[in-house]
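Notes follow the structure.
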Amino acid sequence: MKSETTNWKSPGELEVLPLSLLNDFLYCSRRAALKLVEGWRSANEHTVRGTIVHDHADLSGYEVVKGVTLHRALPIWSERLGLSGKCDIVEQWSHGALVPVEFKLGRRREWDNDNAQLCAQALCLEEMFGCEIPSGAIFHVASKRRREVVFDAPLPNKTEEAASSLHAMLGAKQMPLAVFKPACEECSLYEICLPRGTKDPQRANRLAREALMSD
Ligand code: SF4
């Protein structure tokens with residue numbers, strides 16, 4: 001896959017961040033900051049079910065099915081992007097092609113942040129093994145459907161830019177303001193973030209005082 005992003009620090013200069021944080025960052029930059037800077041990992045129905053789904057894919061090892069080697073929970077990293085994580089599955093085909101497969105909770109549907117997370121996995125594998133990975137797949141657990149994701153323009157550039165922006169946001173040491181949006185309704189950090197209150201500093205202070213007085 002080809003990308004045109006060039007403004008990268010040298011390998012080794014970037015702090016290595018969890019690759020899954022890229023998905024959070026594209027969902028909401030404040031969510032990524034709350035998770036990493038503040039260490040919040042609050043769970044809701046979606047994240048608990050998601051963790052159960054990933055637990056099955058987290059048993060590392062490999063097996064061969066119909067001539068394809070399936071590597072489970074393969075550790076991956078990219079010095080260039082400053083990311084590391086695990087691939088749920090990497091398929092290794094007999095002609096040498098590698099195909100990352102990510103398990104997602106829920107029915108078949110397309111989310112840009114899921115595609116970027118998968119693309120980042122492919123960029124890591126390309127850097128690690130010096131190969132080219134043109135596509136990957138997302139397996140939607142609820143519908144048991146597999147969706148192919150082709151890593152053509154602009155996805156690789158958008159993925160690299162998102163990784164760069166994530167590093168820049170954390171480097172700036174500024175917590176993004178909460179902006180209420182439809183995605184907040186399903187966010188596991190809703191109760192911590194208080195997006196209806198914290199976008200207005202005066203209201204946020206009042207909520208904080210009320211929370212203190214109710215202790
Ligand atoms: S509640 Fe909304 S603003 Fe707050 S972290 Fe979640 S998505 Fe972002």
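Just one of the listed residues (E191, E148, E185, E132) is within 16 Å of the ligand (Cβ to nearest atom), among the acidic types (D, E) and at pLDDT 90 or above, namely E185.
Restricting the search to the range 59-76, which residues are surrounded by fewer than 16 Cβ atoms within 10 Å (Cβ to Cβ), closer than 9 Å to E91 by Cα and either in contact with a Cys (Cβ under 8 Å, 6 or more places away or on another chain) or of a type in the set (S, T, Y) (or both)? Passing the criteria: only T69.
Set side by side, the residues A162, A153, A120, A142 differ, and just one is outside any loop (DSSP other than H, G, I, E, B) and either surrounded by fewer than 15 Cβ atoms within 10 Å (Cβ to Cβ) or more than 16 Å from the ligand (Cβ to nearest atom) (or both), which is A120. Within the range 82-122, restricting attention to residues that are aliphatic (A, V, I, L, M) and under 13 Å from the mean Cα position of the chain (by Cα), the residue that is farthest from Y62 (Cα to Cα) is A116.
Number of residues in the range 76-101 that are part of a strand (DSSP E or B) and closer than 18 Å to D152 by Cβ: the value is 3. Taken over the range 1-20, the criterion of being modelled with pLDDT of 65 or more and more than 18 Å from L155 (Cβ to Cβ) is satisfied by E13, L14, E15, V16, L17, P18. The combined condition, being assigned by TED's automatic domain parsing to the domain that holds A32, of a type in the set (G, A, S) and over 18 Å from L19 (Cα atoms), is fulfilled by A153. Please find, among V179, V150, the residue that is touching a strand residue (DSSP E or B) at 6+ places or on another chain (Cβ under 9 Å) and β-branched (V, I, T). The conditions single out V150. Note on the range 170-182: residues that are under 30 Å from C124 (Cβ atoms), within 13 Å of the ligand (Cβ to nearest atom) and either in a helix (DSSP H, G or I) or at pLDDT 90 or above (or both) total 1.
The values are calculated or read from the model by the stated rules, or taken from the named source; none is laboratory data. A quick note: this is a predicted structure, and the numbers were derived from the prediction, not measured. Glycine gets a Cβ as well: all are built from the backbone with ideal geometry, and neighbour counts include every protein chain shown.
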